[in-house]
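S.K.: Could you have a look at this structure, given as structure tokens, before my questions?
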Amino acid sequence: QVQLVESGGGLVQAGGSLRLSCLVTGTIFGIDNMGWYRQAPGKQRELVAGITSGGSTTYSDSVKGRFTISRDNTKNTVYLQMNSLKPEDTGVYYCQLRRVARDYWGRGTQVTVSS
């Protein structure tokens, strides 16, 4: 079955960087659009960045210019490079695989940015 496993989260000071990874197994990778979402305590899950099967990218206004989403189809992995981190970037980051029939989600990885 399709599985998504996120990694790379942790505790970092404001201004620092982290790179998140999402390994996808159980399916042919490269034909699906992917996304990174985050959920802060007490808030709804929000889209941070997306990447199509062709490599086109989109970003939320709050992360544009600081975060970069990419994919390596040879490694079945999607990345989120996060630079110039701010305390408001704190939350659980989830990877999403998008299909017409349904979406698939990982369990998330915690990112905490201290001021």
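The values are calculated or read from the model by the stated rules, or taken from the named source; none is laboratory data. On a predicted model such as this, the values are computed, not experimentally measured, just so you know. Neighbour counts are summed over all protein chains in view; Cβ atoms, including those assigned to glycine, are modelled from backbone coordinates with ideal geometry. Surface accessibility is based on the protein's heavy atoms, side chains included, excluding ligands, DNA and RNA. Shrake-Rupley method; radii C 1.70, N 1.55, O 1.52, S 1.80 Å.
S.K.: If you scan region 4-31, which residues turn out to be at negative phi and not in a strand (DSSP E or B)?
M.R.: Within region 4-31, G9, A14, G16, S17, T27, I28, F29, I31 qualify.
S.K.: As an exercise: evaluate D32 against (1) open to solvent by 20 Å² or more (accessible area, probe 1.4 Å); (2) modelled with pLDDT under 95 and give the number of the one condition it does not meet.
M.R.: (1)
S.K.: Further question: Name, by its number, the condition in (1) surrounded by 15 or more Cβ atoms within 10 Å (Cβ to Cβ); (2) on the phi < 0 side of the Ramachandran plot that does not hold for N76.
M.R.: Tallying (1) surrounded by 15 or more Cβ atoms within 10 Å (Cβ to Cβ); (2) on the phi < 0 side of the Ramachandran plot, N76 fails exactly one: (2).
S.K.: Right, something else. Select from region 79-106 the residues that are among the hydroxyl-bearing types (S, T, Y) and open to solvent by 50 Å² or more (accessible area, probe 1.4 Å) and list them in ascending order.
M.R.: Answer for region 79-106, where residues must be among the hydroxyl-bearing types (S, T, Y) and open to solvent by 50 Å² or more (accessible area, probe 1.4 Å): just S84.
S.K.: Among the residues of region 38-48, is there at least one that is over 18 Å from G108 (Cα atoms) and in contact with a strand residue (DSSP E or B) (Cβ under 9 Å, 6 or more places away or on another chain)?
M.R.: No, the conditions are met nowhere in region 38-48.
S.K.: Evaluate the following for Y59: is it surrounded by fewer than 21 Cβ atoms within 10 Å (Cβ to Cβ), closer than 15 Å to L4 by Cβ and either in contact with a strand residue (DSSP E or B) (Cβ under 9 Å, 6 or more places away or on another chain) or at pLDDT 95 or above (or both)?
M.R.: no
S.K.: Can we say S70 is under 16 Å from G9 (Cα atoms), in a strand (DSSP E or B) and among the polar types (S, T, N, Q)?
M.R.: no
S.K.: Quick one: in region 78-108, which of the residues that are more than 24 Å from I28 (Cβ to Cβ) and in a strand (DSSP E or B) is farthest from the chain's Cα centre (by Cα)?
M.R.: Only one residue tops the list, namely G91.
S.K.: Mind listing whichever residues of region 63-95 are polar (S, T, N, Q) and within 11 Å of R38 (Cβ to Cβ)?
M.R.: Across region 63-95, the qualifying residue is only T90.
S.K.: Restricting attention to region 41-56, which residues are under 15 Å from T90 (Cα atoms) and surrounded by 12 or more Cβ atoms within 10 Å (Cβ to Cβ)?
M.R.: Within region 41-56, R45, E46, L47, V48 qualify.
S.K.: Going through T27, T68 one at a time, which residue ends up being without any contact (Cβ under 8 Å) to a residue 24 or more places away in the chain and open to solvent by 20 Å² or more (accessible area, probe 1.4 Å)?
M.R.: Of T27, T68, the one residue that is without any contact (Cβ under 8 Å) to a residue 24 or more places away in the chain and open to solvent by 20 Å² or more (accessible area, probe 1.4 Å) is T68.
S.K.: For R38, which of the numbered conditions (1) open to solvent by less than 60 Å² (accessible area, probe 1.4 Å); (2) assigned to a loop (DSSP other than H, G, I, E, B) fails to hold?
M.R.: (2)
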